[in-house]
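The values are calculated or read from the model by the stated rules, or taken from the named source; none is laboratory data. If you're wondering where the values come from, they're calculated on a predicted model, not measured in any experiment. We place every Cβ from the backbone using ideal geometry, glycine too, and count neighbours over all the protein chains shown.
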Amino acid sequence: MRSKASNRIQKLRQALAAKEIEAILISQPENRYYLSGFAGSAGFLLITPRNAVLATDSRYTEQARREAPDYEIFRTSGDIARWLPDMATGVNLRQLGFEAADITLASYRQMSGAAKKAGLKLVPTEGLVEQIRAVKEPEEIESITRAIEMTDAAIEYIGDIIHTGTSEKELAWEIEKFLKERGSDGLPFDIIVASGNNSALPHARPSSRTIHPGEPVVIDIGARFEGYGSDLSRTICTGTPDDTFNRAYNTVLGAQLAAIAMIQEGMTGEEADRLARTVIEEAGYGEAFGHSLGHGLGLAPHEAPRLGPGSAETLTPGMVFTIEPGIYLAGWGGVRIEDTVVMEKGKIRVLSQARK
């Protein structure tokens, strides 16, 4: 029986063959982990039609042997210009793809020098592994679901402890402690707690500002289980909400529910985004919804597919992504409601269950 890594390597080999690329050097950390199981912070994968090599330095070689049994381990020393020619010669390569979006200019210059020395032609690639990662395997969906259960529980906990006079930083710290005590393996992204006019900033950082009655508090949190993350946003109002809050909140909720009900397999990311955006535009808030409807998640907090204007990515079974419309009004605040869903049986199933 093939291992999980072996099946993923084979999918990548098929993608390479379709583009007539002989081999590829994987440098992007999530892609490296996805294809090998190696969780070290330094290393490269070399995938050819017949070889799978994990190149890393002496700090990680023993870890690599334990975590990546499908790979031959190649011990590196120094920068890539020193060891790439030897590794390429060992597998008799003449052409090598690389992950263009992950390589800095300085690294590319080193790689180019090494390629010239080894007689290699470098071929830039984009998104080959990411497109494979976009369709989740059942075990991946289970890990994401476990992470979601942690954030669902955190929202219930927040509802019991949030009160006026609490600062954004204090609430963010309480959430972080709760998630880690529940078993979250670190956090996939920094927690957002944004109150009052701070909540008009979609990516606000928690500050020392204290929460006041009747204002919006946007909370955006994630947990991590076995490498896979969750992503959940809720907007809470302590005290009595005003008319502005009620109208903005009900519009965002209506847009999200419309998208959840109508998104179907085969739609593009742009078509899915339009379902929610139309509701917000018809309510007069079109200019106040400046970000995309959603994004994929898994090993990275943001990955394929993207649900937003201009996205031609097709939604297919097994994709896990967020549905997160928002309205942001400068000087007042904002509302965002975000859930994670999975595409299956032609429609989407909501994975997060926290109260709205």
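If you go through the stretch 156-201 and keep only what is among the small types (Gly, Ala, Ser) and either closer than 21 Å to PHE245 by Cβ or exposed (fewer than 15 other Cβ atoms within 10 Å of the Cβ) (or both), you end up with GLY159, GLY165, SER167, GLY183, GLY186, ALA194, SER195, GLY196, SER199, ALA200. At least 1 residues being under 15 Å from ALA134 (Cβ atoms) and in contact (Cβ under 8 Å) with a residue 12 or more places away in the chain is the threshold, and among the strands (runs of 3 or more DSSP E) wholly inside the stretch 258-356 those reaching it are 294-296, 303-307, 320-323, 339-344, 347-350.
For LEU179, state whether it is at pLDDT 95 or above, in a loop (DSSP other than H, G, I, E, B) and touching a Leu at 6+ places or on another chain (Cβ under 8 Å). Explain how you work it out, then say what you get.
Values: at pLDDT 95 or above: yes; in a loop (DSSP other than H, G, I, E, B): no; touching a Leu at 6+ places or on another chain (Cβ under 8 Å): yes.
So LEU179 fails the test.
Of all the listed residues (ALA68, ALA100, ALA64), the sole one being modelled with pLDDT of 90 or more and surrounded by fewer than 18 Cβ atoms within 10 Å (Cβ to Cβ) is ALA100.
Could you go through the stretch 113-124 and let me know if any residue there is in contact (Cβ under 8 Å) with a residue 60 or more places away in the chain and touching a strand residue (DSSP E or B) at 6+ places or on another chain (Cβ under 7 Å). Looking for residues that are in contact (Cβ under 8 Å) with a residue 60 or more places away in the chain and touching a strand residue (DSSP E or B) at 6+ places or on another chain (Cβ under 7 Å), one finds at least one in the stretch 113-124, hence yes. Scanning the stretch 39-74 for residues that are acidic (Asp, Glu), within 19 Å of VAL91 (Cα to Cα) and over 28 Å from the mean Cα position of the chain (by Cα) yields one hit, GLU72.
Scoring ARG94 on the criteria (1) loosely packed, with under 15 Cβ neighbours inside 10 Å; (2) at pLDDT 90 or above; (3) closer than 24 Å to LYS19 by Cα leaves a single failure, condition (2).
So, of the residues in the stretch 123-155 that are outside any helix (DSSP H, G or I) and not acidic (Asp, Glu), which turns out to be farthest from LEU171 (Cα to Cα)? So that I can check it myself, show each step before the final result.
Step one: filter the stretch 123-155 for residues outside any helix (DSSP H, G or I), giving 123-127, 134-137.
Retained after the next criterion (residues that are not acidic (Asp, Glu)): 123-125, 127, 134-136.
Details: VAL123: 48, PRO124: 44, THR125: 42, GLY127: 37, ALA134: 33, VAL135: 35, LYS136: 33 Å.
Checked the stretch 123-155; the qualifying residue farthest from LEU171 (Cα to Cα) is VAL123.
Each residue in the stretch 15-38 was checked for being over 21 Å from the mean Cα position of the chain (by Cα) and over 18 Å from LYS136 (Cβ atoms), and 10 of them qualify.
Has the stretch 286-304 got at least one residue that is among the polar types (S, T, N, Q) and more than 18 Å from the chain's Cα centre (by Cα)? Checked against the condition, which is being among the polar types (S, T, N, Q) and more than 18 Å from the chain's Cα centre (by Cα), the stretch 286-304 yields no hits at all. Checked across the stretch 112-130, the condition of being surrounded by fewer than 19 Cβ atoms within 10 Å (Cβ to Cβ) and within 22 Å of LEU315 (Cβ to Cβ) holds for at least one residue.
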